[in-house]
Amino acid sequence: MTVRHWTVDIEIDEQEGERTTHAEARLRTDGEQLAGRGTAYRHPHDVEVPQIGDELAAARALSELSHRLVLAAAQDIEEITHRPPRLKR
């Protein structure tokens, strides 16, 4: 059995003056790194709850990271098979 350990770090930065929260999710694999970014915007009339902005920004960063990981896998498949990949969900 082969076990691999991948680490995802999420850095969250709140910009109070802009009413935004930015997040960057970084995946570290065996020698590679991918990143995704996400932003949450707070409407001026919304109650200030930092955790909600953190959650939304982090979720959006992870979503982008997921998309980039699928694209990387597709590229790897094409390099090995010399054919366009057909990835199903």
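Structure data summary
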quantity: Boolean, His22 is in contact with a Ser or Thr (Cβ under 8 Å, 6 or more places away or on another chain) and open to solvent by 60 Å² or more (accessible area, probe 1.4 Å); calculated: yes
quantity: Total residues in the range 34-50, condition modelled with pLDDT of 95 or more and not hydroxyl-bearing (Ser, Thr, Tyr); calculated: 6
quantity: Residue list for the range 61-89, restricted to those being exposed (fewer than 12 other Cβ atoms within 10 Å of the Cβ) and acidic (Asp, Glu); calculated: Asp76, Glu79
quantity: Qualifying residues in the range 33-62 (those that are farther than 17 Å from Thr20 by Cβ and in contact (Cβ under 8 Å) with a residue 24 or more places away in the chain) - the one nearest to the chain's Cα centre (by Cα); calculated: Leu62
quantity: Unmet criterion (only one of (1) more than 16 Å from Thr7 (Cα to Cα); (2) touching a Phe, Trp or Tyr at 6+ places or on another chain (Cβ under 6 Å)) for His43; calculated: (2)
quantity: The range 1-59, subset among the polar types (S, T, N, Q) and part of a strand (DSSP E or B), residue farthest from Gln75 (Cα to Cα); calculated: Gln15
quantity: Flag if Glu14 is open to solvent by 80 Å² or more (accessible area, probe 1.4 Å) and of a type in the set (Asp, Glu); calculated: no
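The values are calculated or read from the model by the stated rules, or taken from the named source; none is laboratory data. Computed from a predicted structure; not experimentally measured. Neighbour counts run over all protein chains shown; Cβ positions are idealised from the backbone, glycine included. SASA here: full protein model, heavy atoms, side chains in, ligands and nucleic acids out. Shrake-Rupley method; radii C 1.70, N 1.55, O 1.52, S 1.80 Å.
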